[in-house]
Amino acid sequence: MEVIVAQPLLKANEELARQNRNLLNRRGITTVNLISAPGAGKTTLLENTIGALKNMFSIGVVEGDIYTTFDSERLAGQGVAVVQINTYGGCHLDAQMVAQALERLPLDKLKLLFIENVGNLVCPAEFDLGENYKVAILSVSEGSDKPKKYPLVFQESEAVVLNKIDLLPYTDFDLAAAKEQLKEIKNNLVMFPLSAKTGEGMEAWVEWLKDKVSQTEKLSVTG
Ligand SMILES: Nc1nc2c(ncn2[C@@H]2O[C@H](COP(=O)(O)OP(=O)(O)OP(=O)(O)O)[C@@H](O)[C@H]2O)c(=O)[nH]1
Ligand SMILES: [Mg+2]
């Protein structure tokens, strides 16, 4: 019986991710790959974040979804460049899909590019897309045990957004325990407890993004 080993797929993905990263770095674009379980608030966070930053930089979004264009329609009214990828069943984006999306974006204008991955806390963590930073989003309605149950996504991430803190009084989510678990998984994780819905806590997250964009700018000047 012939067995197809998944490793070569990941190897091919690595090469394409490297090409995406080179292209984006050459253009001086900061790229953030947002990963979470379905419904944790990726698109709501994007709506709010774009609202806070769009007058400062030109922003693009690659929207990953299994079937619909719902999320890109939500962002289309915000005056940012959005490209939708539908995976038709695939549980994550890969570097080739992102390469195709990059061809359709005005890269010469962009400073900040968000990739909203397919809602899934497992598969997207394994696939490098060529981003600078993976950011995991964990919402308080998911339960504070999730970092230990799904550690890879948090290990791979630069930062974690702890979303929906407006719901803390109505859940048994233990914010301190979740932060402890996250620190055990990766000591230097940056954490942003916030509510993408009410805007509470958004400033620190927005400042972090601004800082990352200016770091990329400095690198493209000196490099
Ligand atoms: N109370 C509250 N609700 C939120 C918050 N952020 C998002 N939501 C709600 O959570 C639901 C899912 O939010 P989305 O932003 O669509 O989540 P998503 O991660 O993009 O979902 P998928 O793309 O399907 O994986 C929506 O009903 C949002 O209004 C928040 O901070 N607080
Ligand atoms: Mg979404």
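The values are calculated or read from the model by the stated rules, or taken from the named source; none is laboratory data. These numbers were taken from a predicted model, which means no experiment stands behind them. In this analysis, Cβ positions are derived from the backbone assuming ideal geometry, glycine residues included, and neighbour counts consider all displayed protein chains.
Of the residues that sit in the stretch 9-57 and are on the phi > 0 side of the Ramachandran plot and surrounded by 17 or more Cβ atoms within 10 Å (Cβ to Cβ), which one is nearest to ligand 2 (Cβ to nearest atom)? Here the answer is Gly41.
Scanning the stretch 134-156 for residues that are of a type in the set (Gly, Ala, Ser) and more than 15 Å from Ser195 (Cα to Cα) turns up Gly143, Ser144.
Yes/no per residue for (1) touching a Cys at 6+ places or on another chain (Cβ under 6 Å); (2) surrounded by fewer than 16 Cβ atoms within 10 Å (Cβ to Cβ); (3) farther than 25 Å from Lys11 by Cα; (4) modelled with pLDDT of 95 or more:
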| site | (1), (2), (3), (4) |
| --- | --- |
| Phe127 | no, no, no, yes |
| Gly130 | no, no, no, yes |
| Asp145 | no, yes, yes, no |
| Tyr150 | no, no, no, yes |
| Glu156 | no, no, no, yes |
| Asn163 | no, no, yes, yes |
| Tyr170 | no, yes, yes, yes |
| Asn187 | no, yes, yes, yes |
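Residue pairs whose Cβ atoms lie under 7 Å apart, sitting 6 or more positions apart in sequence or on different chains, and linking a residue in the stretch 139-153 that is closer than 13 Å to Lys164 by Cα to a partner that is hydroxyl-bearing (Ser, Thr, Tyr) and part of a loop (DSSP other than H, G, I, E, B), are Val140/Thr171; Ser141/Thr171. Inspection of the stretch 12-33 finds no residue satisfying the criterion of being under 30 Å from Asp145 (Cβ atoms) and charged (D, E, K, R).
Of the strands (runs of 3 or more DSSP E) lying entirely inside the stretch 58-164, those containing at least 2 residues that are closer than 27 Å to Glu203 by Cβ and within 13 Å of ligand 2 (Cβ to nearest atom) span 59-65, 112-116, 133-139.
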